[in-house]
Amino acid sequence: MDLQINEQQRLLKESVQKLAADLYPFEKREAIRLSEAGWSRDYWAQYAELGLAGLTVEEAYGGIGCGPFETMVVMEELGRSLAPEPFVATVLLGGGLIRHAGNEEQKERLLPGLCSGELLLAFAHLEEQARHELHDIATVAAKTADGYRLKGRKTLVLHGSDADVLVVAARLSGDRLDRDGIGLFLVAGDASGVSRQGHRTIDGRPAAEIVFQDVDVPSRDMLDAPGETLAVIERVADETIAALAAEGVGVMDEMLKMTIEHVGLRKQFGTEIASFQAIQHRLADMYIALEQARSMAIYAAGIGRDNDPERRGAGIAAAKVQLCRSLRYVGQQAIQLHGGIGMTMEYKVGHLFQRATAIEALFGGAEHHLQTLAAGGGLFAA
Amino acid sequence: MDLDFTDEEAAFCEEVRDFVRKSLPRSIRQKMLFNRELTKDDLITWTRILDKKGWAVSHWPVEWGGMGWSPVKQALFIDVMQQEMAPDTLSFGTSMVGPIIYTFGNETQKKRFLPRIVNLEDWWCQGFSEPQAGSDLASLRTTAVRDGDDYVVNGQKTWTTLGQHADWIFCLVRTNREVKKQAGISFLLIDMTSPGVTVRPIQTIDGGYEINDVFLDNVRVPAENLVGEENRGWDYAKFLLQHERTGIARVGASKASLRRARELAEREGRDNSARLDLPHIRSRIALLEVELKALEITQYRVLSEESQSGGNSHSPAASILKVKGSEIQQAISEVMLDLAGPHALTLLTPADGHNDLDRSWAGTVAETYLNWRKVSIYGGSNEIQRNIIAKQLLAS
């Protein structure tokens, strides 16, 4: 057991901090948020220069081959600075699926472009009826002479409007709720039959509703994980939840820091409101919630590597439950203790709260994961 | 960064587990499992078994009988011990006055007292709280006035846990009234058989007798029983608050009780439907498991930080261990209470001829629930812990 970050991780943390300090002062970030795309290709090129676009990709394909603890370190900083760039969509989701399920040819074709920041990926997976069930897929991939024809509708595709390549989950066989018979397909964002309706999520990030109307995909663009596609999707989802946990920790850490600063400056009744015990105990509880979530983010990063899907799933579910509960508490209290200014879009704390709320809902909230956990044999089964 | 156990750590846990399973007397294990009170002899028996193995004061300096384990290894040790239902050693000796003596005492005191703490030849109790000095401990009024080679002590200590068994009491006493309240306190060791010491048992809401008033009426204490310097007692008391904090989370014990709660929820119910089949019961247990897992890792983080900083880290994270640890223990006792339902109301005790502890498990859960209200009060109440956290957050 070793709970200290190592030298390489420390350096990585510092370089992301430096980048974020440069890219995301409040006004600069607002300009990006209010731009048409809601994120910046120019910024993304700078991420790629630092190696962040290929953070988790093996060196053979142009990446820097880092693991979950490095991802954790990066995500915490991105969370703190509310970075809207497509790290989750492209690196963790799209990149993760190709890394875990792509064949050699597909990896060689796609991963170098991902690492250089030129190729943007998105994961077209979620469907309206599925809520958070990863295997609930109605989109169909029908066999054709030289490939497959996709038909279906996807929702909440993060960075879906701008992605060059969509990784699409579709059903090769069976019924909507079957765990088998799922395939993953690489589809160009501008392929014929793909229509994308871009929108923003509650935290101002770009996402899309995407309709696939008889989209032809050649055989070579099906990812190569026969019979294991759902297992790959689950693994990538688990790794992404672990990363979101770290992002959430960054968001909360920033909210608590801002709140401490605020109550130390804000004067009412002739004194700083930090002198009131009602405020002090709230800060203490925010801190406890934050640190408990930080512990679970570390836990998630570690257990995200576990090859036993059941153990990994339970650990990740536990982490997400703690994360969601902490995000809600810390977020609500941060707004409360800021008072009126916390309600406005003119101040960062409200934006952090929006992101906190979005992170809760991504890949299942507390209720969903608590149900998973409750159905199992317990985290401390003998 | 890595949360996995090393092979060595895993083997060590196995060794501790095997040892407890082989060495812990069944009668003691049963009492622990059902939260029955241990007798003085039970604890002496277990402490001596541990001492024979060399583990009674494993966290002490090697010179005085410690094992020289890393803080993480020590925490693993406690975790496994608690999961296996082994009683903790008497903390007033092994975790409080012992460390005070080997850190601040003189050589004579070390040689005289430490070996007798290790094997529980001396039973120690704590004389800190007073009727008017609880969370505001520094306002204590018990006085010690120097008279020749003695101090003459007058006052009242209270909430003295297991004082009825004690041979010795370590007390905070006022030796100077002229200075700021924290600056006039000394740390004194008092023989409980001294004339003028009276112990009055206090019955608690669970029906038990574990706490006492201790009255000190013109008690003559040899000046050689002063630890460290006169009027520095407050520093020594604070040292206690900053050390030995990991035991307070009681993660291992809570793991065992949560397992027990699951087991009982699976067994108990009506009309062939177990309580565990009810979604809200399952969720409550699952949620506590999440919080406990988080606390377990928080504890390792605190330990890791402390080892890195050579014990000089005063991160407010240490207070989380107390706050969350106690809240989780209390919440588990509530789950158990609810699981027992009406059965919790019936007090079935061995005294009434009910020796089948397994059948009468529900008979102790209400007592435990009532008794466990103490855990958020003692050792610096949770309100005080929140004050400590906030103070450090606002200072940074």
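The values are calculated or read from the model by the stated rules, or taken from the named source; none is laboratory data. This structure is a prediction, so every number in the text was calculated from the model and none was measured. Cβ atoms come from the backbone with ideal geometry, glycine included; neighbour counts cover every protein chain shown.
For the stretch B:145-220, list the strands (runs of 3 or more DSSP E) that sit wholly inside it and hold at least 2 residues that are more than 21 Å from B:G105 (Cβ to Cβ) and at pLDDT 95 or above; which are they?
Values: elements: B:150-157, B:168-174, B:185-191, B:197-202.
By residue number, B:150-157, B:197-202.
Checking the structure you have, find out if any residue of the stretch A:91-105 is crowded, with 17+ Cβ neighbours inside 10 Å and over 25 Å from A:E70 (Cα atoms). No, the conditions are met nowhere in the stretch A:91-105.
Show the residue pairs that are 6+ apart or on different chains and have beta-carbon atoms under 6 Å apart, the first residue being within the stretch A:319-346 and within 25 Å of A:L34 (Cα to Cα), the second being not in a helix (DSSP H, G or I). From residues that are within 25 Å of A:L34 (Cα to Cα), the pairs are A:I341/A:Y347. Is it the case, given these coordinates, that B:K255 is under 20 Å from the mean Cα position of the chain (by Cα) and without any contact (Cβ under 8 Å) to a residue 60 or more places away in the chain? It is false that B:K255 is under 20 Å from the mean Cα position of the chain (by Cα) and without any contact (Cβ under 8 Å) to a residue 60 or more places away in the chain. Would you call A:Y287 more than 23 Å from the chain's Cα centre (by Cα), of a type in the set (F, W, Y) and crowded, with 24+ Cβ neighbours inside 10 Å? The answer is yes for A:Y287.
Do the conditions hold for A:R312, that is, is it out of contact with any strand residue (DSSP E or B) (no Cβ under 8 Å at 6 or more places or on another chain) and surrounded by fewer than 23 Cβ atoms within 10 Å (Cβ to Cβ)? Here the answer is yes, as A:R312 does meet what is asked.
The set of residues in the stretch B:373-391 being of a type outside the set (A, V, I, L, M), part of a helix (DSSP H, G or I) and either facing chain A (nearest Cβ under 8 Å) or surrounded by fewer than 18 Cβ atoms within 10 Å (Cβ to Cβ) (or both) consists of B:R373, B:E383, B:Q385, B:R386, B:N387, B:K391. No other residue among A:V211, A:V217 is touching a Ser or Thr at 6+ places or on another chain (Cβ under 7 Å), over 22 Å from A:F353 (Cβ atoms) and among the β-branched types (V, I, T) apart from A:V211.
Just to be sure before I move on: is B:S194 surrounded by 20 or more Cβ atoms within 10 Å (Cβ to Cβ) and not β-branched (V, I, T) in the structure I sent? Spelling it out, it is not the case that B:S194 is surrounded by 20 or more Cβ atoms within 10 Å (Cβ to Cβ) and not β-branched (V, I, T).
Tally up the residues in the stretch B:316-341 that are facing another protein chain (nearest Cβ under 9 Å) and either outside any helix (DSSP H, G or I) or farther than 22 Å from B:R282 by Cβ (or both), please. First the steps, then the outcome.
Narrowing the stretch B:316-341 to residues facing another protein chain (nearest Cβ under 9 Å): B:316-317, B:319-320, B:323-324.
Then drop every residue that is not either outside any helix (DSSP H, G or I) or farther than 22 Å from B:R282 by Cβ (or both), which leaves B:316-317, B:319-320, B:323.
Result for the stretch B:316-341: 5.
Residue pairs whose Cβ atoms lie under 9 Å apart, sitting 6 or more positions apart in sequence or on different chains, and linking a residue in the stretch A:205-220 that is at positive phi to a partner that is outside any strand (DSSP E or B), are A:D214/A:S192; A:D214/A:G193. Exactly one residue among A:R325, A:R312, A:R355 is of a type in the set (K, R) and out of contact with any Lys or Arg (no Cβ under 9 Å at 6 or more places or on another chain), and that residue is A:R325. Among the conditions (1) outside the structural domain of A:D175 (by TED's automatic domain parsing); (2) more than 20 Å from A:L244 (Cα to Cα); (3) touching a strand residue (DSSP E or B) at 6+ places or on another chain (Cβ under 6 Å), the only one that A:T90 does not satisfy is (2).
Within 24 Å of the chain's Cα centre (by Cα) and within 14 Å of chain B (Cβ to nearest Cβ): does that describe A:R294? It would help to see each step written out before you state the result.
Values: within 24 Å of the chain's Cα centre (by Cα): yes; within 14 Å of chain B (Cβ to nearest Cβ): yes.
When the stated conditions are applied, A:R294 passes them.
Every condition in (1) buried (at least 22 other Cβ atoms within 10 Å of the Cβ); (2) facing chain A (nearest Cβ under 7 Å); (3) touching a Phe, Trp or Tyr at 6+ places or on another chain (Cβ under 9 Å) holds for B:V290 except the one numbered (3).
Which one of these is surrounded by 15 or more Cβ atoms within 10 Å (Cβ to Cβ) and over 23 Å from A:H125 (Cα atoms): A:L379, A:L370, A:L362? Give the steps one after another, and end with the answer.
Values: A:L370 fails: over 23 Å from A:H125 (Cα atoms); A:L362 fails: over 23 Å from A:H125 (Cα atoms).
Answer to the selection: A:L379.
The set of residues in the stretch B:299-327 that are buried (at least 23 other Cβ atoms within 10 Å of the Cβ), within 20 Å of B:H59 (Cα to Cα) and either modelled with pLDDT of 95 or more or of a type in the set (D, E, K, R) (or both) contains only B:K322.
Of all residues being closer than 8 Å to A:A242 by Cα and touching a Leu at 6+ places or on another chain (Cβ under 9 Å) in the stretch A:299-311, which is nearest to the other protein chains (Cβ to nearest Cβ)? Just the residue, please. Residue satisfying both the conditions and the ranking: A:A301.
Of the helices (runs of 4 or more DSSP H) entirely within the stretch A:1-105, those holding at least 1 residues that are modelled with pLDDT of 95 or more and under 20 Å from A:F123 (Cβ atoms) occupy A:41-49, A:68-80, A:95-101.
When A:G339 is tested against (1) assigned to a helix (DSSP H, G or I); (2) more than 13 Å from chain B (Cβ to nearest Cβ); (3) closer than 24 Å to A:L244 by Cβ, only condition (3) is not met.
Return the residue satisfying two criteria in turn: it lies in the stretch A:320-348 and is over 20 Å from the mean Cα position of the chain (by Cα) and among the hydrophobic types (A, V, I, L, M, F, W, C), and of such residues it is surrounded by the most Cβ atoms within 10 Å (Cβ to Cβ). Residue satisfying both the conditions and the ranking: A:A334.
So which residues in the stretch A:359-382 are aliphatic (A, V, I, L, M), under 12 Å from A:L323 (Cα atoms) and either in a helix (DSSP H, G or I) or within 14 Å of chain B (Cβ to nearest Cβ) (or both), if there are any at all?
Keep residues of the stretch A:359-382 that are aliphatic (A, V, I, L, M), which gives A:359, A:361-362, A:366, A:370, A:373-375, A:379, A:381-382.
Those left that are additionally under 12 Å from A:L323 (Cα atoms): A:359, A:361-362, A:366, A:370.
Across the stretch A:359-382, the qualifying residues are A:I359, A:A361, A:A366, A:L370.
Within the stretch A:247-261, being within 10 Å of chain B (Cβ to nearest Cβ) and surrounded by 24 or more Cβ atoms within 10 Å (Cβ to Cβ) holds for one residue alone: A:T259. Residues considered: B:L43, B:L33. Of these, the only one that is within 23 Å of B:I190 (Cα to Cα), in contact (Cβ under 8 Å) with a residue 40 or more places away in the chain, of a type in the set (A, V, I, L, M, F, W, C) and outside the structural domain of B:A249 (by TED's automatic domain parsing) is B:L43.
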